[in-house]
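**Student:** One structure, pasted below without further comment.
The values are calculated or read from the model by the stated rules, or taken from the named source; none is laboratory data. As the structure is a computational prediction, the values presented were derived from the model and not from experiment. Every residue, glycine among them, receives a Cβ derived from its backbone with ideal geometry; neighbour counts consider all protein chains shown. Only protein heavy atoms, including side chains, enter the accessible area calculation; ligands, DNA and RNA are left aside. Shrake-Rupley method; radii C 1.70, N 1.55, O 1.52, S 1.80 Å.
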Amino acid sequence: METIEHPSTLAQVMPSTRSIQLEASWQRVLAQEFEQDYMQKLRQFLLQEKQRGKVIYPPGPLIFNALNSTPFDQVKVVILGQDPYHGPNQAHGLCFSVLPGVPLPPSLKNIFIELQQDLGIDNGRQGCLQAWADRGVLLLNSVLTVERGQAAAHQGKGWERFTDVIIAQLNQHRSGLVFMLWGGYAQRKGAMIDGQKHLVLQSHHPSPLSASRGFFGQHHFSRANAYLGHQAINWQLG
């Protein structure tokens, strides 16, 4: 997959790496964003946090993993999350996903329960969703970094505006996508999506606090595949 090195003005936006490799199609779509003042401020914030000894997740090379794994013109489904997991060895740049061997977080367990009830697919204890991303599922968090042990620590620092641009570009320049908006946060963020051009699936969040109130039984996976037709997603991991 072709990648382009990020412009030097933001080559160090991620505190754990000297340069950013961004997939070529996303680089073309987002190049101007990296020159905006809000992104410069975000870069400075991340650098200052590192200088203060803060541990930031995911590791620098994986912050843009969702974009690098799913090129702009290959996106079929978009799943919106909020911010990365803040525990060690969990976040790797894909929403709801954890690295191989890491125990399944509660929300992901419920996603798998719904998937099994909907399509009969049992993904067991495999919590790494990289295969979904490689097949066209953009697993996008609204906020792309977090401080260790501090949920939502990087909200309101600029990432939300950046990921709004991603959604807006997909909405405008692609058609026939499926957007899965789970919970009020994702639904508010996805308010710009044109339901005439795309399939918008909304439900409660899969967290244990709300899954039984309207996430289970919504059949989003089978509905997405019916809409996509011959481009249906293989949701089986491994």
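**Student:** Which members of the stretch 29-44 meet the condition of being surrounded by fewer than 15 Cβ atoms within 10 Å (Cβ to Cβ) and touching a residue at least 40 places away in the same chain (Cβ under 8 Å)?
**Tutor:** Across the stretch 29-44, the qualifying residues are TYR38, LYS41.
**Student:** Continuing with the same structure: Identify, from the list LEU67, LEU30, LEU22, LEU47, the residue that is at pLDDT 90 or above, assigned to a strand (DSSP E or B) and not aromatic (Phe, Trp, Tyr). Write out each step before concluding.
**Tutor:** Values: LEU67 fails: assigned to a strand (DSSP E or B); LEU30 fails: assigned to a strand (DSSP E or B); LEU47 fails: assigned to a strand (DSSP E or B).
Answer to the selection: LEU22.
**Student:** Hey, another quick one. Can you name the number of the only condition in (1) open to solvent by less than 40 Å² (accessible area, probe 1.4 Å); (2) modelled with pLDDT under 95 that GLY238 fails?
**Tutor:** Exception for GLY238: condition (1).
**Student:** Only one of (1) of a type in the set (A, V, I, L, M, F, W, C); (2) open to solvent by less than 30 Å² (accessible area, probe 1.4 Å); (3) touching a residue at least 24 places away in the same chain (Cβ under 8 Å); (4) in contact with a helix residue (DSSP H, G or I) (Cβ under 7 Å, 6 or more places away or on another chain) is not met by MET192, so which one is it?
**Tutor:** (2)
**Student:** Name the one entry in PHE216, PHE221, PHE179 that is in contact with a strand residue (DSSP E or B) (Cβ under 8 Å, 6 or more places away or on another chain), among the hydrophobic types (A, V, I, L, M, F, W, C) and under 24 Å from PRO106 (Cβ atoms). So that I can check it myself, show each step before the final result.
**Tutor:** On the way: PHE216 fails: in contact with a strand residue (DSSP E or B) (Cβ under 8 Å, 6 or more places away or on another chain); PHE221 fails: in contact with a strand residue (DSSP E or B) (Cβ under 8 Å, 6 or more places away or on another chain).
Testing whether each residue is in contact with a strand residue (DSSP E or B) (Cβ under 8 Å, 6 or more places away or on another chain), among the hydrophobic types (A, V, I, L, M, F, W, C) and under 24 Å from PRO106 (Cβ atoms) leaves just PHE179.
**Student:** Taking the stretch 124-153 as the region of interest, how many residues are assigned to a strand (DSSP E or B) and either farther than 25 Å from GLN40 by Cβ or free of Cβ contacts under 8 Å to residues at least 60 places away in the same chain (or both)?
**Tutor:** Keep residues of the stretch 124-153 that are assigned to a strand (DSSP E or B), which gives 137-141, 146-147, 150.
Adding the requirement that they be either farther than 25 Å from GLN40 by Cβ or free of Cβ contacts under 8 Å to residues at least 60 places away in the same chain (or both) leaves 137-139.
Here the count works out to 3.
**Student:** Let me ask something else about it. Hey, can you tell me all the residues within the stretch 121-158 that are more than 19 Å from VAL178 (Cβ to Cβ), crowded, with 22+ Cβ neighbours inside 10 Å and touching a strand residue (DSSP E or B) at 6+ places or on another chain (Cβ under 9 Å)?
**Tutor:** Selection gives THR145, VAL146, HIS154.
**Student:** Out of all the residues in the stretch 109-120, is one or more surrounded by fewer than 18 Cβ atoms within 10 Å (Cβ to Cβ) and in contact with a helix residue (DSSP H, G or I) (Cβ under 7 Å, 6 or more places away or on another chain)? Break it down stepwise before answering.
**Tutor:** Quick first cut of the stretch 109-120, residues surrounded by fewer than 18 Cβ atoms within 10 Å (Cβ to Cβ) only: 109, 113, 116-117, 119-120.
Of the ones still in play, those that are also in contact with a helix residue (DSSP H, G or I) (Cβ under 7 Å, 6 or more places away or on another chain) are 119.
Among the residues of the stretch 109-120, at least one is surrounded by fewer than 18 Cβ atoms within 10 Å (Cβ to Cβ) and in contact with a helix residue (DSSP H, G or I) (Cβ under 7 Å, 6 or more places away or on another chain), which makes the answer yes.
**Student:** Let me ask you something else. Return the residues of the stretch 195-230 that are under 17 Å from LEU170 (Cβ atoms), in contact (Cβ under 8 Å) with a residue 40 or more places away in the chain and open to solvent by 60 Å² or more (accessible area, probe 1.4 Å); say none if nothing qualifies.
**Tutor:** Within the stretch 195-230, TYR227 is the sole residue that qualifies.
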